[in-house]
Amino acid sequence: MYSPTVLAHLDQPRNAGAMEDAVSRGEATNPVCGDLLHLYLKIDAGRIVAASFQAQGCPPTIAAASVLTGMIEGLTPAQARNLAPADVTRALEYLPRNKEHCCVLAIDALRSALAAIPIEMV
Amino acid sequence: MRRVYLDNSASTRVDDEVVEAMLPYFTEQYGNASSTHQWGQHAKQAIEDARAQVARLLNAQPTEIVFLSGGTESDNLAIKGIAAAHCSRGRHIITSAFEHPAVLASCDQLEAQGFTLTRLPVYREGIVRLKDVRAALTDETILVTVMLANNEIGTIQPIAEIGALVAERRAAGQRHLHLHTDAVQAVGKIPVDVKQLGVDLLTFTAHKIHGPKGVGALYVRRGVRITSQMHGGRHERDRRAGTESVPLIAGIGKAAELARVHMDERAVHMRQLRDYLEAQIIERIPDVSRNGDAEQRVPGVANFNFDFVEGEGLQISLDLKGIAVSTGSACSSGSTEPSHVLLAIGLPRDSGHGSLRFSLSKDTTREEIDYVIETLPAIVEKLRKISPRTKKKTAEHAE
């Protein structure tokens with residue numbers, strides 16, 4: 001049902017946990033199933049130098065958040081803003097169609113976090 | 001990697017003895033049971049032997065057993081068959097909110113055709129209350145269909161009491177009132193006696209009791225009229241057309257016989273291991289609650305909520321460790337809706353409580369349960385660690 005990449009991220013989530021010294025935090029929730037995602041960013045010299053997440057949700061939600069934290073490291077906020085749900089889905093190999101909304105949730109949380117970056121750090 | 005199968009409410013391993021009983025009917029006695037030559041007569045005899053075995057398990061007469069393709073077809077035939085045969089006497093049906101989809105969808109279908117439906121509540125304990133049945137019964141009611149044991153939480157419904165209520169009304173003149181029970185999750189786990197229950201129709205299937213998939217039975221009490229939902233030849237006393245699957249029927253017969261002979265020891269075994277599993281989970285994992293009444297339920301089924309985590313994450317993580325269980329949480333089974341059973345017992349719609357069902361069988365061992373007990377706490381902890389709700393809850397506690 002799930003790709004090996006989804007299973008690997010579920011088994012060993014990357015960058016999981018709250019970030020104490022984050023400069024911004026984003027949040028997204030799926031009102032239908034109640035999945036909840038928090039995304040933390042650390043910015044240095046105009047680039048994302050660290051990201052972490054907290055998630056309560058089904059395996060693709062956890063995997064999408066986990067893989068996304070790796071994808072955005074090193075990007076400028078503007079580059080990160082250009083990522084789309086399909087980029088996350090691709091990074092997870094594939095998802096069942098009815099689970100693709102999990103990647104939308106991840107991108108929503110990212111955009112929420114990007115919007116919360118203090119203006120002087122962008 | 002170790003493999004532990006605790007999803008026996010979904011399906012069970014076919015017993016070796018059952019496989020052996022089926023084999024001759026694939027390659028040796030392969031005749032059509034409707035044929036009058038000796039190949040056909042051998043096949044017919046096998047079917048009648050199986051009918052007697054199933055009847056004995058249920059304390060029924062062999063002529064009261066109809067073989068068909070499984071639980072779903074059995075539920076469909078019972079509900080639609082009664083509705084079609086008795087709709088001129090009334091068009092009201094009573095069921096419960098947490099029936100198997102085969103029952104619910106059959107009832108929905110009839111509702112769309114103009115029947116009136118009452119869906120009884122099952123409350124937090126997951127048990128239908130007799131007073132609700134009594135209040136729902138009208139002169140128009142032709143069928144009450146309530147499951148004997150629930151498939152997700154295992155709670156046993158008061159069918160014998162409902163049967164007495166139905167008998168009372170029937171004695172008072174409401175001759176077209178019938179009682180059907182889907183006993184798929186009860187047969188082989190608790191004594192199921194159609195006379196003691198007072199049911200007119202009872203559904204059961206082979207693959208939940210170590211028989212093959214694709215075969216089930218409907219008990220139809222002698223004298224109860226149903227309209228066949230499958231038209232063709234005159235098989236099964238005109239109640240289910242279609243050439244009988246002789247190997248599968250031989251399989252359900254053998255599985256029924258073994259379930260009858262070994263029921264007590266199987267039940268004790270499953271109950272002991274289930275109770276051990278439950279006690280250990282509650283002892284080792286905080287913020288866990290059980291679903292469904294603790295006493296009035298079949299052995300072998302345990303259903304838990306794990307706070308702050310989602311069920312499918314738990315289920316898939318256990319699968320990665322070789323353990324098969326099922327979840328009724330939101331997001332599972334390709335839907336974003338939690339199971340209608342969990343909603344019916346009052347659990348919230350969101351994914352705030354991951355639910356898992358562990359269903360044991362006669363083959364489950366203490367070592368397997370120990371492996372689950374060793375594996376599960378770390379998985380729950382890992383998922384809770386990354387859950388933002390865990391932190392919130394801790395903070396609330398601190399306030």
| said: I'd like to verify a number: residues in region A:32-62 that are in contact (Cβ under 8 Å) with a residue 60 or more places away in the chain and within 21 Å of A:Y2 (Cα to Cα), how many? | reply: 2
| query | Does region B:100-114 include one or more residues that are buried (at least 24 other Cβ atoms within 10 Å of the Cβ), assigned by TED's automatic domain parsing to the domain that holds B:V184 and part of a strand (DSSP E or B)? | reply | no
| message | Against the condition within 12 Å of chain A (Cβ to nearest Cβ), at pLDDT 90 or above and buried (at least 21 other Cβ atoms within 10 Å of the Cβ), how does B:S387 come out, does it pass? | response | yes
| task | Identify all residues within region A:94-116 that are crowded, with 20+ Cβ neighbours inside 10 Å and of a type in the set (V, I, T); write none if there are none. | result | A:I107
| request: Kindly indicate which of A:G74, A:G70 is within 9 Å of the chain's Cα centre (by Cα) and surrounded by fewer than 17 Cβ atoms within 10 Å (Cβ to Cβ). | output: A:G70
| query | Of the residues in region A:32-51, how many are buried (at least 21 other Cβ atoms within 10 Å of the Cβ) and at the interface with chain B (Cβ under 8 Å from one of its Cβ atoms)? | reply | 6
| request: Could you look through region B:247-303, keep only residues that are in a strand (DSSP E or B) and of a type outside the set (G, A, S), and pick out the one that is nearest to B:T365 (Cα to Cα)? | output: B:V301
| query | From the list A:A65, A:A55, A:A86, A:A80, which one is away from every other protein chain (no Cβ under 13 Å), surrounded by 15 or more Cβ atoms within 10 Å (Cβ to Cβ) and among the small types (G, A, S)? | reply | A:A80
| field | Whichever residue in region B:132-152 is within 22 Å of the chain's Cα centre (by Cα) and of a type in the set (A, V, I, L, M) and, among such residues, is farthest from B:A167 (Cα to Cα) | value | B:A149
| Subset of region A:1-31 [touching a residue at least 60 places away in the same chain (Cβ under 8 Å), in a helix (DSSP H, G or I) and within 9 Å of chain B (Cβ to nearest Cβ)] | A:V6
| Criterion (out of contact with any Gly (no Cβ under 7 Å at 6 or more places or on another chain) and at pLDDT below 95) met by exactly one of B:R221, B:R237, B:R260, B:R225 | B:R237
| note | Over region B:118-168, the set of residues in contact with a Lys or Arg (Cβ under 9 Å, 6 or more places away or on another chain) and either among the hydroxyl-bearing types (S, T, Y) or in a strand (DSSP E or B) (or both) is B:L120, B:Y123, B:T141, B:I142, B:A149, B:T155, B:I156
| query | What number of residues within region A:70-106 are touching a residue at least 60 places away in the same chain (Cβ under 8 Å) and closer than 17 Å to A:E27 by Cβ? | reply | 4
| task | Return yes or no: is B:V184 over 16 Å from B:L57 (Cα atoms), assigned to a loop (DSSP other than H, G, I, E, B) and among the aliphatic types (A, V, I, L, M)? | result | no
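The values are calculated or read from the model by the stated rules, or taken from the named source; none is laboratory data. All values derive from a computational prediction rather than experimental measurement. All Cβ positions, glycine included, derive from the backbone under ideal geometry; neighbour counts span all protein chains shown.
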